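Before any comments, here is the structure.
The values are calculated or read from the model by the stated rules, or taken from the named source; none is laboratory data. What you are looking at is a predicted structure, and each value in this text was computed from that prediction instead of being measured. For neighbour counting, all protein chains shown are included, and Cβ atoms are generated from backbone atoms with ideal geometry for every residue, glycine included. The area values use the complete protein model at the heavy-atom level, side chains included, leaving out ligands, DNA and RNA. Shrake-Rupley method; radii C 1.70, N 1.55, O 1.52, S 1.80 Å.
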Amino acid sequence: RLIHAVELDRPTPSTEPHVDAAAPLASDGKTWPSHAFIAAASALLLMPAVVLAGASYYLLRPPPPPPSPPPPIAPPPRLPPSTPQPSPPPPRPPSPPPPSPLPPQPQQPVVYPPPPVVNGDGLLTHERCHAMLRDNSHHFRRMWDERGWAKAGPGRPSCWDVQRFSGGQKGSSQPASAFFDGVATGRHCSRTRWMHFYNNRDAVVFRRDGTPDFSRRAPAILGFDDGDGSIGGLCESRGWGDTKLQRCVRANLQILSIDASDYNLCRNLEWQACGGQSKLSD
């Protein structure tokens with residue numbers, strides 16, 4: 001600014017030389033005005049004082065106040081006191097070991113009581129038959145073993161509990177209802193060979209397919225095997241031949257004649273039911 005002021009205050013030089021006795025000479029031979037010289041000298045002398053005053057202000061100014069602390073954080077709300085939980089029950093003591101099993105008792109033989117005597121004269125009556133059929137130890141209950149001519153006992157299966165002609169093989173069991181349903185409906189009547197021949201002499205009265213060679217419709221006959229009034233006696237009176245089987249076939253009478261290993265009371269009952277329903281093949 002001072003230089004600018006000096007430049008503004010400098011008079012326009014005239015063509016004629018003018019020398020001021022009180023003004024100093026410049027290097028270019030021109031003279032400065034006296035008041036401009038004084039202003040420049042004053043500025044140079046005051047400059048250190050200005051710098052010193054500014055430095056003193058920055059050094060001696062009071063320190064800034066410390067920053068205000070943050071507002072205090074409110075404590076969390078207090079929860080109501082919880083009910084104390086009951087302590088768990090103490091563990092149960094271990095159970096005592098089970099008692100050792102008792103030694104096996106020897107199996108006692110089964111003793112069946114004698115059948116009740118209702119009538120002492122030996123004749124069958126309604127009351128006597130009813131009593132014998134309801135007696136679990138009677139022969140009427142024990143004759144149904146899966147083996148022919150054997151008596152059933154504890155642990156033995158009945159013949160209706162095994163499949164037909166299975167010979168009691170393992171895995172051949174069946175529900176009893178399967179047997180009795182087959183008897184009632186005649187399921188096996190025409191599919192079973194109820195008459196077999198066991199020697200070449202009897203083959204003369206059988207067809208090539210193994211069925212008996214009846215000449216007309218052949219009814220089934222019931223009775224005992226031999227003796228007066230037996231099956232053998234009836235066939236002999238009506239037919240001819242060397243064996244009972246030959247005479248029965250030629251007399252057109254059907255009898256039950258199967259292998260002994262296949263026979264039991266269940267097969268006998270099946271054959272009788274088939275004959276009663278007229279379902280035996282001729």
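General observations
- For region 200-232, a residue qualifies if it is within 60 Å of the chain's Cα centre (by Cα) and free of Cβ contacts under 8 Å to residues at least 40 places away in the same chain, and the qualifying residues are Ala203, Arg207, Arg208, Asp209, Gly210, Asp213, Ile221, Gly223, Phe224, Asp225.
- If you check Gly182, Gly210, Gly155, Gly223 for being part of a loop (DSSP other than H, G, I, E, B), within 18 Å of Leu269 (Cα to Cα) and of a type outside the set (Asp, Glu), only one passes: Gly223.
- Annotation note: of Pro96, Pro70, Pro65, the sole residue that is modelled with pLDDT of 80 or more and over 30 Å from Asn264 (Cβ atoms) is Pro96.
- Residue that is nearest to Arg207 (Cα to Cα) [pool: residues in region 228-246 that are open to solvent by 30 Å² or more (accessible area, probe 1.4 Å) and in contact with an Asp or Glu (Cβ under 8 Å, 6 or more places away or on another chain)]: Lys244
- Some residue of region 202-220 being surrounded by fewer than 17 Cβ atoms within 10 Å (Cβ to Cβ), closer than 20 Å to Met143 by Cβ and of a type in the set (S, T, N, Q): no
- The residue list Leu133, Leu124, Leu79 contains one member that is open to solvent by less than 90 Å² (accessible area, probe 1.4 Å) and either at pLDDT below 75 or not small (Gly, Ala, Ser) (or both), which is Leu133.
- Check on Gln163, modelled with pLDDT of 85 or more, open to solvent by 60 Å² or more (accessible area, probe 1.4 Å) and under 15 Å from Asn264 (Cβ atoms): yes
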